[in-house]
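Notes follow the structure.
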Amino acid sequence: MKVLVVDDEPDFELLIRERLRRDVEEKRYAILFACSAFEALELLEQHKDIYVVLTDINMPEMDGLMFLEKVVAANYLCKVIVVSAYGDMRNIRTAMNRGAFDFITKPVDFKDLRLTIDKTLRQVSELRRALDENRELIAAYDIMARSAEALRQANQLKTELLAIAAHDLKNPLQAVVGFAELIYEKSKSELRNGVPNPAFESIATMSEKISNSSYRMFSLIQQLLETSAIESGSMKLHKTKTDIGDLLRQAVQQNQANADKKLQTIHFTSSPTLIAEIDADRMREVFDNLISNAIKYSPTGKTIYVEMKKHTGNRRQKTEAINALPSSDSSILISIRDEGQGLTDEDKKKLFGKFQRLSARPTGGENSTGLGLSIVKQLVELHGGWVWAESEGKDQGSTFFVELPATNGFA
């Protein structure tokens, strides 16, 4: 780095050269000289690595105070040390107010001058290092921002493409389902009305398989469309005051037949009427998904416990969530507990992600799209609620919780 000395007295330059000769020889810094403020400004323009300026206040044409202002305005990294007569506190105070870094007085104590220059150079070095780090941070942030925007656009494009593909598949698939059911019913009718025919039996079996597979694909398409609507923000909730106990009871009844097939028992308990302002169709979908999962991943003969109660303890809710629970004293807590395969620590990390493969497998040959719990999480959070799961580990069963803000009034 370079130090610029500005003084109109030639003897002062000779003194500086002699007293600071060792510092220059040791290449701690280089020294340039100017006999006027105008010459100094030209040197500053030519040498961008001048970071310390030592200037006299009393100079002809342009005094040191005006020169100081120009230097400070042009380069905030360049630090100015002003030199003034002993006792000239008015000019020294003015210089410090205008941005001088430090001052020394005449006659100059060169030991003090050397310490002052060293201190100023250390300050400049720290400022330059901080500036470099800041530039690196800004560059890193810029890269991250561009990457995030690229990911957002890619995700949006993926969502739009999935929505288009799912929508275009929906109508042809409905026709496949319809014709498969028609063939199945026709084959069964022929078998009921006449002598058993192996051909009709084979047709009935294959058409039933086509129908079942088509229904599974149709369910996946519906979930893809729903995911697309949620992520794009186009899903609108039609909220009404709803009795959560009644809605949960409907979901239990809807899944009772599947539980019966596996000789499972659904044990349902509910507190007196608890009201929440929700989209009943969407929340029924949440409850149906969680109960059907409990049936799907539990062995034959087990019990599934479905409970709803008023919750007044510490909320699970994240206070920074966009749709966080209101500040009322209570909320509604729904739990669905099974005696199934449980959740590992790795399962818990990816439980509510899309298309995630967990350690548990359906116990009765059922299928899973890998989207259900992701949709559950998004729908619950759209209602200002929170969903989570707890499990003691493998083969210890699991409990899924949904917490919703309670509402006063009647459904």
| field | Of Leu173, Gln250, Asn193, farthest towards positive along the dipole that unit charges on Lys, Arg, Asp, Glu beta carbons give the stretch 168-312 | value | Gln250
| query | Gap in Å between the Cα centre of the stretch 286-305 and the Cα centre of the stretch 203-257? | reply | 16
| request: With +1 on each Lys and Arg Cβ and -1 on each Asp and Glu Cβ, and nothing else charged, work out how big the dipole of the chain is about its Cα centre, in Debye to the nearest 20. | output: 1600
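Please compute the length gained on full extension between Glu390 and Thr240, using 0.36 nm multiplied by the number of residues separating them and subtracting their Cα-Cα distance. Mind dumping the intermediate values first?
Working: separation 150, 0.36 × 150 = 54.00 nm, distance 3.00 nm.
Here the answer is 51.0 nm.
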| remark: Taking placed amide H atoms and a strict 5 Å upper bound, the residues 5 or more places from Leu32 or on another chain that come that close are Val3, Leu4, Val5
| Where in the stretch 90-116 is the amide nitrogen less than 11 Å from a point lying 7 Å along the Cα-to-Cβ axis of Asp63? | 90-92, 94-95
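How do 15-27, 378-390 rank on mean C-beta neighbours within 10 Å, highest first? Intermediate results must be reported in sequence, preceding the final value.
Values: 15-27: 12.8, 378-390: 19.8.
Result, highest mean Cβ count within 10 Å first: 378-390, 15-27.
Largest first and in whole Å, give the semi-axes of the stretch 2-108's equivalent ellipsoid, each being the square root of 5 times a Cα gyration tensor eigenvalue. If you can, show how the numbers build up before the last one.
Values: eigenvalues 78, 56, 33 Å².
Here the semi-axes work out to 20, 17, 13 Å.
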| Between Ser359 and Asn258, what length comes free when the chain is fully extended (0.36 nm per residue of separation minus the Cα-Cα distance, one decimal in nm)? | 34.1 nm
| task | Rank-order 365-377, 128-140 by packing density, defined as the average count of other C-beta atoms within 10 Å over each peptide's residues, highest first. | result | 365-377, 128-140
| query | Long-range amide H contacts for Ile266: which residues qualify at under 5 Å (H placed 1.01 Å from N, peptide plane, sequence gap of 5 or more or a different chain)? | reply | Ile304
| remark: Taking Cα pairs closer than 8 Å and at least 6 residues apart, the relative contact order of the chain in percent is 10
| task | Return the subset of Lys209/Lys350; Lys239/Lys262; Lys48/Lys111; Lys302/Lys350; Lys209/Lys236 for which the Cα-Cα distance in this structure is over 30 Å, preserving the input order. | result | Lys209/Lys350; Lys239/Lys262; Lys209/Lys236
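Sorting check: for 342-349, 197-204, which peptide has the highest mean count of neighbouring beta carbons within 10 Å, and how do the rest follow?
Values: 342-349: 15.2, 197-204: 13.8.
Ranked from most to least packed, the peptides come out as 342-349, 197-204.
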| note | Over the chain, the sum of -39500 (n - 2.57) across DSSP H runs of at least four, divided by residue number and rounded to 500 deg cm²/dmol, gives at 222 nm -18000 deg cm²/dmol
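Coordinate-derived values only; no laboratory data. Keep in mind the model is a prediction, meaning the values are calculated, not measured. We place every Cβ from the backbone using ideal geometry, glycine too, and count neighbours over all the protein chains shown.
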